[in-house]
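The values are calculated or read from the model by the stated rules, or taken from the named source; none is laboratory data. Just so you know, these numbers come straight off a predicted model, no measurement behind them. We place every Cβ from the backbone using ideal geometry, glycine too, and count neighbours over all the protein chains shown. When the accessible area is computed, the model is the full protein with side chains, heavy atoms only, and any ligands, DNA or RNA have been set aside. Shrake-Rupley method; radii C 1.70, N 1.55, O 1.52, S 1.80 Å.
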Amino acid sequence: MKQYIKFSKNKKIHFGIIENNKIHHISSTPFKKYNVTSEVSSFSEVDILPPVVPGKIICIGLNYRDHLNHIGEKPEPKHPEPFLVTPSAIIAHNSPIILPEGASQVEEEAELVVIMGKTCKNVSAKNAKDYIFGYTCGNDVSARNWQKNDLQWTRAKSSDTFAPIGPYITTGIDPDSLDIQCRVNDKIVQNSNTKHLIHSVSKIIAFISSFMTLEEGDLIFTGTPGQPVALHPGDKIEVEIKHLGILTNQVEK
Ligand code: MG
């Protein structure tokens, strides 16, 4: 297991590998061959950036049984149900989620996010994990009034700041049994495990790659469990997934 972080320090952007709660700078992005340099930073010295700039973000809806009821869906989807979110919605750990004018019932959605490592098309579920680089925490922030009443989900899901990811990328783990939790103001509101995904990470990649080329850095949000709650200005949202750290964002108006 390795953990990679992207951060700024003294107005310069760096990548690092986390060891013993210190950041050891590396010579390139973690997607390329890199050397570990002699420079070391502590977390208090840096601003954490989104760990990757993806070409595209694919999100899977309705992928935990206990979430289907919450939004009034009954049957389980026969195949993964992907929709797109624009990369401009991404924000970093510790950046604010801004509630847009006209949005109501804006809710968090704690999700395991897959970061692709290699180009793939028509990959089988059996081989899908060979194309994954790593994983991070994500929050598929959703404006339910727009999700319910617009014909498309674009502004419900792709408003600025609606895709927090981070705080870092973890590689070399099994994504199929990770505890996932969301806390709002320290109160647990979502609490599950990725073993409850209706369509597993491998099945999702096989399905998406059957019609769309996946490339290095692309993100796949895998769905949210349980019952998200309405967010209000001042709320502190924490998404915590085993091995992936805690993604924290404050809500602002
Ligand atoms: Mg979602």
Pseudo-spin-label distance I188 to N127, built 7 Å along Cα→Cβ, given in nm, is 4.1 nm
Once the dipole of the chain is set up with Lys and Arg at +1 and Asp and Glu at -1 on Cβ about the Cα centre, which of S159, S142, S202 lies farthest towards its positive end? S202
Ellipticity estimate at 222 nm from DSSP helix runs (n ≥ 4, -39,500 (n - 2.57)) divided over the chain, nearest 500: -2000 deg cm²/dmol
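Quick check: with the 1.4 Å probe, what order do K195, K78 take by accessible area, largest first? Don't jump to the answer; show the numbers that get you there.
Numbers: K195 130, K78 185 Å².
Sorted by accessible area, descending: K78, K195.
Could you give the length gained on full extension between E76 and F211, defined as 0.36 nm per residue of separation minus the Cα-Cα distance, in nm? It would help to have the intermediate numbers written out before the result.
On the way: separation 135, 0.36 × 135 = 48.60 nm, distance 2.14 nm.
Taking E76 through F211 to full extension adds about 46.5 nm, to one decimal.
Enter the accessible area per residue of the range 1-114 (Å², integer; probe 1.4 Å; all protein chains in place). Could you put the intermediate results ahead of the total?
Values: 5930 Å² over 114 residues.
In whole numbers, the range 1-114 has 52 Å² accessible per residue.
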Calculate the dipole size of the range 1-47 relative to its Cα centre from +1 charges on Lys and Arg beta carbons and -1 charges on Asp and Glu beta carbons; express the result in debye to the nearest 20. 200 debye
Potential extension, E19-D174 segment - 0.36 nm per residue separation minus Cα distance: 53.8 nm
Residue-level accessible surface for W153, protein heavy atoms, 1.4 Å, Å²: 90 Å²
Taking the chain as a Gaussian network, where each spring joins two C-alpha atoms under 10 Å apart, which residue of P75, P50, P167 fluctuates the most? P75
Whenever you get a sec, compute what percent of the accessible area on the range 90-175 sits on carbon and sulfur atoms (1.4 Å probe). 47 percent
Listed by chain and number, the lysines with an alpha carbon less than 22 angstrom from that of K12, same-chain partners under 8 positions apart left out, are K22, K32, K33
Might you work out the accessible area of L178 for me, using a 1.4 Å probe with all protein chains in place, and round it to the nearest 10 Å²? 10 Å²
Largest first, what is the accessible-area ranking of S44, S209 with a 1.4 Å probe? S44, S209
Can you tell me the dipole magnitude for the range 61-113 around its Cα centre, using point charges on the Cβ only (Lys, Arg +1; Asp, Glu -1), in Debye to the nearest 20? 140 debye
Using only alpha carbon pairs under 8 Å that are at least six residues apart, calculate the relative contact order of the chain and give it in whole percent. 26 percent
R65 versus K195, label points 7 Å from Cα toward the beta carbon: distance in nm? 1.3 nm
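Ignoring ligands, DNA and RNA, how do I237, I198, I13 rank by accessible area with a 1.4 Å probe, largest first?
Numbers: I237 0, I198 25, I13 115 Å².
Result of the area sort, largest leading: I13, I198, I237.
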